[in-house]
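Notes to accompany the following structure.
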Amino acid sequence: MIKSNRGLVSKFAVVCMGAAFFLSAHADAQVVKVDAVSVSDAYTRATMPGQQVAGGFMKIDNKGNAQDQLLAASSPLAGEVQLHEMAMEGNVMKMRQVKDIAVPANGSVELKPGGFHLMFINLKGPFVAGETVPVKLKFAKAGDVEVKFPVNAPGATRH
């Protein structure tokens with residue numbers, strides 16, 4: 001009597017495919033460090049054709065003894081990139097552009113949905129899941145920092 005290994009082989013294939021997906025989904029994860037500032041967990045979300053705006057999110061750490069500020073951002077894939085904040089005013093959530101985002105000495109700031117974030121405006125094409133968006137961040141002390149923002153599926157909250 002010969003036993004089939006099909007069940008074992010298919011389970012092995014599922015495990016291998018899951019591992020490959022996990023590794024590929026995290027292959028673009030990066031930490032970019034310039035002076036005392038490091039940027040990690042950067043991502044944006046896929047957009048629909050014709051959509052003109054998208055958000056950008058990341059964590060910024062400052063290991064220095066002096067506060068730094070994120071002053072500006074730019075990307076060749078957007079006409080403009082603004083620094084934004086969402087905050088409650090009474091019972092209404094409002095979004096507004098800010099002139100800078102403080103990164104405290106020996107601390108960090110997280111740009112995330114519902115708080116500080118980048119706003120990509122006048123997109124030059126859709127952001128496609130699996131691709132990356134090049135972004136140049138300008139800090140007061142650390143200077144320019146080049147970061148690639150992986151594009152996640154719509155609704156994804158982390159890379």
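Only the coordinates and a few stated rules stand behind these numbers; no lab work does. What you see is a predicted model, and the numbers here were worked out from it, not measured in a lab. No Cβ is skipped: glycine too gets one built from the backbone with ideal geometry, and neighbour counts run over all protein chains shown.
Across region 45-58, coupling constants 3J(HN,Hα) worked out from phi with the 6.51/-1.76/1.60 Karplus curve, θ = phi - 60°, read 10, 4, 10, 8, x, x, 5, 9, 9, 7, x, x, 9, 5 Hz, and Gly and Pro carry x.
Each other residue within a Cβ distance under 9 Å of Ala73 adds +1 if Lys or Arg and -1 if Asp or Glu, for a net charge of +2. Of all lysines in the structure, those lying under 20 Å Cα to Cα from Lys94, and not within fewer than 8 positions of it along the same chain, are Lys112. Figure legend: label point modelled 7 angstrom from the Cα of Lys99 along Cα→Cβ; residues of region 60-76 with amide N under 14 Å from it are 69-72. Taken over region 31-152, the ratio of Cα radius of gyration to 2.2 N^0.38 Å equals 1.03. Roughly what % antiparallel, to the nearest 5, for the DSSP beta bridges in region 31-152? Counting DSSP beta bridges with both partners in region 31-152, the antiparallel share is about 95 percent.
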